[in-house]
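Report on one structure; see the data block that follows.
Bear in mind these aren't lab numbers, they're just calculated from the coordinates by the rules spelled out. Keep in mind that what you see is a predicted model, and the values were worked out from it rather than measured. Note that each Cβ is placed from the backbone with ideal geometry, even for glycine, and that neighbours are counted across all protein chains shown.
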Amino acid sequence: MRFLTRSLTGLFLFALTLALLVAGGFSIFSAIEERRAAAGRPGMAQERVFAANVVALDYGTITPILTAYGELRATRQLELRAAVGGTIVELSPDFEEGAVVEAGTLLVRLDPAELQAARDSAVASRAEAEAALAQATRALDIARDDLTAATRQAELRRAALDRQLSLNERGLGKAVDTEAAELSLSSAEQAVLTKRSALSSAEANLDQATNSLRRAEIALAEAERKLAETEIRADFSGRLSQVSAVQGGLVSTNEMLGQLIDPTALEVAFRVSTAQFSRFTDATGTLVKAPVEVTLDAAGAELRAEARLERVGAAVDEGVAGRMLYARLLDGAAGLRPGDFVTVRLTEPALDNVAEVPAAAVDANSRVLVLGEEDRLRAHPVEVLRRQGDAILIRADLPAGTEIVAERTPLLGEGIKLRPMRPGAGAAASAEPEMIALDPERRARLIAFVEGNTRMPAESKQRILAQLAEDMVPAEVVTRLEQRIGG
């Protein structure tokens, strides 16, 4: 009987356990099905709001600055070449690379012995020509006197013949006397012709002597010129470059010994586009003498110089667009040298009613995103006038003060809701650090912690102790110290 009772009790407990397991499994299955059903139902979607910086349009008159890059060139330079060949017998101590020389300084002297002898020979030839000219001049004077005497003799013979003919008309003359007078006149006229021929020869001799003297003077001038070319002097004040001459060296004709460059006569050559070039021309197309600023960045130290537009290139090289402009540097170009790669800035005519915005605010289609009602964005076209580095000058039919997105991203577009961030809005509030007053116990605890900190640098420790000694202490310093000591 006891066995039956225990068997029924065990069976009951087994049935109860099985029922509980079935109930638990059903509850788990129901919960899983309910979650699956809930996951299939669409939830309430929330609009995504993006944050971006915005700037307000501020119209005004802005003077654009055109930036270009060019190379400095020397407008006044001289190649020092040997006009004659020879040996260098004298070299100036200043004849070296980069040396500064004054105008007229003797730089190089070649051996003048041969040319000196040629000059002396030319001097002697000129003296001979001068002597020949003097002799020809005296011979001409004598020939002129002879002709005068012969002419006078002929006139006397003609007068005697006239008297004899007068006597014949009155019946007092003789035929023999008349014939003798005619023969005398004929001889006198023949003598005049002879003297004229001698005068012509004397004049020809004088012309030849004059030409000989002229040739001798030309030869002497040529000899003196060649002798002077043995000395190479500085035609103007400047700096020497590409020096190659040495004392005792043998140079040939037209060999270059160096270059002389005037450092005060510089110009910068730079290229601009055709559209940019048109902004610096007047109504007739003539280049305007606009001011130019030339800058050389030398390891962080800028060298500046003022210049002025002078001319434009006459032709455009093959495969190159735009225009080549040349600007002459004014006084104050110290430190700049030919060959320097410099930055050129030109002041363009002022533009009215324009706004300056970041370059990232305008897309490729010249549109900006305007912050409209309910902080939603809308695209608006603008006119891009100039690009100034990271900024753009635009003109638009938008009221002044209209806010636009400063930096466009692919996530921003028309109709997007924006959380505008205005740079500088909280700058005034955060410009001054928050200051608090400390009670004596709190101050002493902080001072003791700083003085006992062996890992803190000495300079930082002194600075913090000086701040804690003040009546008002920066709240940031107090908070940082208390976090370290657990206060």
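Brief remarks follow.
- Around the amide H of Asn53, modelled in the peptide plane, lie the amide H atoms of Ala406, Glu407, Met421, all under 5 Å away and 5 or more residues distant in sequence or on another chain.
- Farthest positive-ward along the chain dipole, Cα basis, beta-carbon charges - from Ala364, Ala223, Ser186: Ala364
- To the nearest ten degrees, helix 475-485 and the longest principal axis of the Cα atoms of the chain are 60 degrees apart.
- Each residue, Ile485 and Thr148, gets one label point 7 Å from its Cα in the Cβ direction; the gap between the two is 13.4 nm.
- Helix 175-228 axis versus longest C-alpha principal axis of the chain: approximately 30°, rounded to the nearest ten.
- Helix 440-452 vs. the chain, principal-axis angle (Cα, 0 to 90°, nearest 10): 60 degrees
- In this label model, Glu203 and His380 are separated by 10.0 nm, measuring between points 7 Å along each Cα→Cβ vector.
- With the convex hull constructed from alpha-carbon coordinates only, the range 114-228 shows a mean projected area of 7.7 nm² over all directions.
- Between Leu250 and Ala360, full extension at 0.36 nm per residue minus the direct alpha carbon distance yields a gain of 33.0 nm.
- The simple Förster model, with R0 at 30 Å and r as the Cβ-Cβ distance, assigns Thr347 and Gln242 a FRET efficiency of 0.20.
- About the centre of its Cα atoms, the chain shows a dipole size close to 2380 debye [charges on the beta carbon of Lys, Arg (+1) and Asp, Glu (-1) only; nearest 20 debye].
- Each of Thr17, Thr343 was scored by other Cβ atoms within 10 Å of its Cβ. Listed from fewest to most, they are Thr17, Thr343.
- For Leu193, Leu329, order by how many other beta-carbon atoms lie within 10 Å, fewest first: Leu193, Leu329
- Legend: ranking of residues Phe341, Phe277, Phe270 from fewest to most surrounding C-beta atoms inside 10 Å; resulting order Phe341, Phe277, Phe270.
- Potential lengthening between Glu34 and Asn53 on full extension [0.36 nm per residue; Cα-Cα distance subtracted]: 2.3 nm
- If R0 is taken as 41 Å, the Cβ-Cβ distance between Ala315 and Thr87 corresponds to a FRET efficiency of 0.35.
- Average projection, convex hull of the Cα set of the chain: 69.5 square nanometres.
- Counted over all Cα-Cα pairs of the range 433-485, pairs farther apart than 18 Å make up 20 percent.
- Alpha carbon convex hull of the range 351-428, projected area averaged over orientations, nm²: 6.0 nm²
- Spin-label model distance (nm) - Arg76 vs Glu114, 7 Å beyond Cα toward Cβ: 3.6 nm
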